1. Which FRET efficiency value, to the nearest 0.05, is calculated for Ser38 and Ser245 with the Förster distance at 22 angstrom and r the Cβ-Cβ distance?
2. Could you work out which residue, out of Thr243, Thr190, Thr14, moves most in a Gaussian network model of the chain, that is, has the largest mean-square fluctuation with Cα springs under 10 Å?
3. Using a 10 Å Cβ count of at most 16 others and DSSP loop calls, identify the longest part of the chain lacking such trypsin sites (Lys or Arg not before Pro).
4. Using the Karplus equation 6.51 cos²θ - 1.76 cosθ + 1.60 (θ = phi - 60°), what ³J(HN,Hα) coupling, rounded to whole Hz, does each residue of region 194-205 give in order, writing x for Gly and Pro?
5. Compare Gly53, Gly204, Gly176 in a GNM of the chain, Cα atoms joined below 10 Å, and give the one with the largest fluctuation.
6. Provide Rg and Dmax in Å for region 81-191, with only Cα atoms included in the calculation.
7. Just how large is the dipole of the chain about the Cα centre, in debye to the nearest 20, putting +1 at every Lys and Arg Cβ and -1 at every Asp and Glu Cβ?
8. Using only the alpha carbon atoms of the chain, find the Kirkwood hydrodynamic radius as the inverse mean reciprocal pair distance, in angstroms to one decimal.
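Quick note: the coordinates plus some simple rules give every number you see, no bench work behind them. Since this is a predicted model, take the numbers as computed values, not measurements. Neighbour counts are summed over all protein chains in view; Cβ atoms, including those assigned to glycine, are modelled from backbone coordinates with ideal geometry.
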Amino acid sequence: MESNESYFKINKATWNNKVKVHAASEMYDLDAFKNGKSSLMAYELEALGNVEGKSLLHLQCHFGQDTLSWSRMGAKCVGVDISDEGITLAQQLNKELQLDANFICCNVLDTSKLIADTFDIVFTSYGVIGWLPDLEPWGQMIAERLKKGGTFFMSEFHPMVWMFDYLEGNPTLKYGYMQDEAIYEEYEGTYANTNSKMVSKEYGWNHGLGEVVSALSEAGLHIDYLQEHDESPYNILPDLVKTHSGMYVTQDKLYPLIFTLKATKIN
Ligand SMILES: C[S@@+](CC[C@H](N)C(=O)[O-])C[C@H]1O[C@@H](n2cnc3c(N)ncnc32)[C@H](O)[C@@H]1O
């Protein structure tokens with residue numbers, strides 16, 4: 001068995017390679033973003049409302065589009081990501097767009113080693129906790145970085161979604177809902193450009209909703225709500241159907257695609 005550090009190293013290399021591919025992809029539509037289009041989705045926009053003047057820590061910010069979208073709305077943002085290529089591009093975009101966000105490259109679990117400030121809001125979204133072997137230190141770090149009364153919000157793919165292997169023909173139920181062992185996948189392309197020739201090599205972990213809630217509540221956060229949603233804002237799974245609202249659902253809606261969770265740091 002490899003160590004978590006070696007898993008993180010392999011994931012970091014893959015995410016570094018993804019940055020260029022994603023920055024050029026239709027999905028991330030960098031030109032539209034530079035011209036003012038927000039990359040934020042309805043779930044987080046509705047949950048966090050007016051962020052003007054608030055301090056916001058964005059965990060696993062990729063190359064910064066969401067962070068900078070919050071900055072454009074008046075939040076004072078810090079973005080964190082393990083990928084130095086992602087952080088470099090985020091810093092370039094921040095400069096080019098004359099915004100005031102800061103970006104820090106580190107493993108999200110080490111955030112408190114590099115950032116001592118506390119924030120009104122901690123935010124993370126869409127494809128994040130699956131890169132972490134254990135959510136307890138993640139929950140602790142979130143509690144450490146929130147001000148008293150501060151808000152944590154996450155919008156994430158539902159753990160049901162990660163029970164399937166999507167790489168071979170029809171999706172097959174293969175992985176545990178809350179499997180402890182790392183899942184290794186190697187494939188050509190990325191979710192933002194399936195035609196890309198880049199090879200993704202990645203280790204991931206499945207976490208059930210109970211694990212998410214417990215990691216946060218044991219760290220001292222009060223869970224305001226945990227909601228499960230049929231509709232995903234991203235069309236990144238096979239055979240999803242577009243709804244009138246522009247979101248994506250499975251044909252039979254047998255299980256949710258997204259969950260959203262809001263929590264408050266009480267003490
Ligand atoms: C799917 S993306 C997040 C999606 C983001 N909301 C977006 O649409 O741009 C996952 C991000 O997590 C980062 N990441 C993966 N493992 C990490 C870790 N251990 N610490 C910090 N960042 C990590 C990757 O570099 C990547 O930028």
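1. Numbers: r = 16 Å, r/R0 = 0.75.
Rounded to the nearest 0.05, the efficiency is 0.85.
2. Judging by the Gaussian network model, the answer is Thr243.
3. Longest run free of exposed loop sites: 38-173.
4. 6, 8, 5, 8, 5, 9, 8, 10, 8, 9, x, 9
5. Looking only at Gly53, Gly204, Gly176, the biggest GNM fluctuation is shown by Gly53.
6. Gyration radius and largest Cα-Cα distance of region 81-191: 16.8, 48 Å.
7. On the way: 21 positive and 37 negative charges, 171 e Å.
Charge dipole, the chain, about its Cα centre: 820 debye, nearest 20.
8. Working: mean 1/r = 0.0529 Å⁻¹.
Value: 18.9 Å, from the Cα pair sum.
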